[in-house]
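Asks: To start, I am sharing the structure in question, which I have written as structure tokens.
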Amino acid sequence: MRISVIGTGYVGIVSGACFAETGHHCVCVDVDRSKVDRINAGLAPIHENGLDEILKRHVGTRLTATTDLAKAVHETEITFIAVGTPFDGKVIDLAYVREAARQIGAALKAKNGWHVVVVKSTVVPGTTDDVVAVELERASGKKAGVDFGVGMNPEFLTEGTAVDDFMRPDRIVIGGSDERTLAAQREVYAPFAGTPTLAVNNKTAEMIKYTSNSVLATMISFSNEIGNLCSTLGGVDVADVMRGVHLARYFSSLQPDGQRVQAGISSFLWAGCGYGGSCLPKDTKALSAHGAARGMPMPLLDAVIATNLAQPERMIRLLEKHFPSLRGVKVGLAGLAFKEDTDDMRESPAIPLARLLLERGAIVSGYDPIAKETAQAALPPGVTLVDSLDALARGNNAILLVTRWAEFRRLPELLKGLASPPLLVDGRRIIDPASVPAYEGIGA
Ligand code: NAD
């Protein structure tokens with residue numbers, strides 16, 4: 001099929017590249033010329049495992065990038081909108097989605113024949129039908145459902161494993177109010193025959209995405225609340241508590257041969273310094289705001305958000321047990337990206353942690369194996385970036401482990417070799433407390 005994707009951020013470029021990998025022809029569109037040039041040179045605009053290889057295979061043949069949205073729409077049969085939907089502090093900001101819809105609508109005005117427009121961006125229930133379809137109709141002078149189709153296809157990829165998630169999906173959700181719109185999406189995903197595919201209306205597709213993210217955020221904040229209580233109990237480590245919980249057969253099913261198969265959801269029942277990234281923080285806030293606007297407040301979700309916002313402060317309190325005044329104390333942040341295997345700094349707990357430390361007069365440095373340029377831009381001024389974990393370990397009084405990078409599992413070995421090893425404050429609970437000279441951990 002001939003596909004266009006509007007927006008070449010994390011979702012757009014991964015989707016576009018994977019569409020090409022599955023045999024489709026894909027044109028990726030962005031307003032940012034530097035991203036377009038990078039893609040056309042075969043270079044991924046973001047760090048994502050396996051993405052560079054796919055671009056090298058298909059750029060110039062089945063995959064191209066352009067800033068010319070109208071041309072991309074004219075040359076393709078189906079257009080996915082994958083632009084950002086930030087939270088503006090009160091509600092979801094649909095400015096990018098509206099603008100993309102307006103431009104696609106203007107292109108459709110001059111295009112003959114049926115075309116399908118599918119929203120892939122995460123948008124609150126009602127947006128596809130009440131905002132995108134309306135903008136498309138206004139700009140094109142044509143009728144949704146008659147002259148063109150409007151669908152909703154939420155994206156479930158996780159940064160760090162995005163290519164693998166896309167190529168081996170656990171589910172495909174396609175939304176649309178007419179059979180032709182659904183059929184076009186079925187054709188796009190035909191290479192994934194065998195994957196459960198749910199065809200629903202657009203509002204349900206939108207709601208599935210928010211519910212999926214909200215349940216994960218809820219489990220994380222619940223675990224953190226339990227961890228914070230464990231810290232006050234004495235002699236109870238949340239890591240042991242959660243291991244006991246995970247052994248229930250609904251979290252790790254017992255196979256007939258006696259083996260356990262751990263459900264992936266267990267990994268969200270684990271205490272730490274809080275969730276970040278471009279999705280969970282903004283999607284929980286957007287859904288709660290949407291509920292409030294519809295006269296249906298969501299107090300549970302509000303508590304999930306509040307617990308998460310308080311976790312960085314919990315890390316600081318663990319540090320202050322050893323350094324009651326942080327003035328002049330050298331503190332290193334191990335990991336800056338919001339999660340491992342990505343360079344994405346959006347809403348990373350490293351940002352509030354750095355701010356809180358600087359406010360208290362600490363001397364702050366940071367190390368991340370991949371997030372360097374993105375970290376420099378996102379962190380408050382005053383944080384020095386170092387080039388290796390060894391340098392971070394050697395130069396500080398305390399290390400705060402923020403990101404679950406595999407490399408950080410060698411911290412015990414590294415710290416043991418130092419004459420005056422720093423305190424380790426484990427914000428991800430991946431280090432055995434007994435394996436380092438001085439340890440604090442969320443919920444330990
Ligand atoms: P992003 O901010 O990384 O990328 C958006 C891109 O769209 C940018 O490159 C921007 O220049 C471009 N853009 C904006 N307006 C444009 C226009 N009119 N024409 C062409 N390009 C335009 O965003 P992202 O992280 O890829 O997220 C996109 C959407 O997908 C969001 O709604 C997000 O919530 C959702 N989502 C993200 C993830 C994730 O892991 N990042 C996962 C699932 C869903």
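Asks: I'd like to check which strands (runs of 3 or more DSSP E) are fully inside the range 246-358 and have at least 2 residues that are surrounded by 13 or more Cβ atoms within 10 Å (Cβ to Cβ). First the steps, then the outcome.
Replies: Working: elements: 252-254, 260-262, 330-334.
Those strands (runs of 3 or more DSSP E) span 330-334.
Asks: Same structure, new question: Are there any pairs with C-beta distances below 7 angstrom linking a residue in the range 91-105 that is free of Cβ contacts under 8 Å to residues at least 40 places away in the same chain and over 23 Å from LYS285 (Cα atoms) to a residue that is surrounded by fewer than 18 Cβ atoms within 10 Å (Cβ to Cβ) and not β-branched (Val, Ile, Thr), with the two at least 6 apart or on different chains, and if so which?
Replies: Within 7 Å, the pairs are ARG102/ALA139; GLY105/ARG138; GLY105/ALA139.
Asks: What tally of residues in the range 103-126 results from selecting those that are in contact with a Lys or Arg (Cβ under 9 Å, 6 or more places away or on another chain), open to solvent by less than 20 Å² (accessible area, probe 1.4 Å) and within 20 Å of SER278 (Cβ to Cβ)? It would help to see each step written out before you state the result.
Replies: Quick first cut of the range 103-126, residues in contact with a Lys or Arg (Cβ under 9 Å, 6 or more places away or on another chain) only: 105, 107-109, 114, 116, 122-123, 125-126.
Checking the rest, the ones that are also open to solvent by less than 20 Å² (accessible area, probe 1.4 Å) come to 105, 107-108, 116, 122-123, 126.
Now drop any that are not within 20 Å of SER278 (Cβ to Cβ), which leaves 122-123.
Count: 2.
Asks: How many residues does the range 58-84 hold that are within 13 Å of the ligand (Cβ to nearest atom) and either open to solvent by less than 10 Å² (accessible area, probe 1.4 Å) or without any contact (Cβ under 8 Å) to a residue 60 or more places away in the chain (or both)?
Replies: Here is the first cut: in the range 58-84, the residues within 13 Å of the ligand (Cβ to nearest atom) are 65-73, 79-84.
Going one step further and asking which of them are either open to solvent by less than 10 Å² (accessible area, probe 1.4 Å) or without any contact (Cβ under 8 Å) to a residue 60 or more places away in the chain (or both), we end up with 65-68, 70-73, 79-81.
Going through the range 58-84 one residue at a time, the tally reaches 11.
Asks: Yes or no: the range 16-26 includes at least one residue that is more than 20 Å from ALA139 (Cβ to Cβ), free of Cβ contacts under 8 Å to residues at least 60 places away in the same chain and open to solvent by 50 Å² or more (accessible area, probe 1.4 Å).
Replies: yes
Asks: Moving on. Which one is farthest from ALA293 (Cα to Cα), of the residues in the range 118-130 that are within 13 Å of the ligand (Cβ to nearest atom) and of a type outside the set (Ser, Thr, Tyr)?
Replies: Here is the first cut: in the range 118-130, the ones within 13 Å of the ligand (Cβ to nearest atom) are 118-124, 127-128.
Subsequent filtering for residues that are of a type outside the set (Ser, Thr, Tyr) retains 118-120, 123-124.
On the way: VAL118: 26, VAL119: 22, LYS120: 23, VAL123: 15, VAL124: 12 Å.
Checking each candidate, the answer is VAL118.
Asks: Can you pull out the residues in the range 210-228 that are of a type in the set (A, V, I, L, M) and touching a residue at least 40 places away in the same chain (Cβ under 8 Å)? Steps first, please.
Replies: Of the range 210-228, the ones of a type in the set (A, V, I, L, M) are 215-217, 219-220, 226.
Within the range 210-228, LEU216, ALA217, MET219, ILE220, ILE226 meet the criteria.
Asks: Also, quick follow-up: Give the range 39-57 a look and list any residue that's open to solvent by 70 Å² or more (accessible area, probe 1.4 Å), without any contact (Cβ under 8 Å) to a residue 24 or more places away in the chain and either outside any loop (DSSP other than H, G, I, E, B) or among the basic types (Lys, Arg) (or both), or say none.
Replies: If the condition is that a residue be open to solvent by 70 Å² or more (accessible area, probe 1.4 Å), without any contact (Cβ under 8 Å) to a residue 24 or more places away in the chain and either outside any loop (DSSP other than H, G, I, E, B) or among the basic types (Lys, Arg) (or both), then GLU53, LYS56 are the ones that fit.
The values are calculated or read from the model by the stated rules, or taken from the named source; none is laboratory data. Just so you know, these numbers come straight off a predicted model, no measurement behind them. Backbone-built Cβ (ideal geometry, glycine too); neighbour counts: all protein chains shown. Side chains are part of the model used for accessible areas, which takes the heavy atoms of the whole protein and leaves out ligands, DNA and RNA. Shrake-Rupley method; radii C 1.70, N 1.55, O 1.52, S 1.80 Å.
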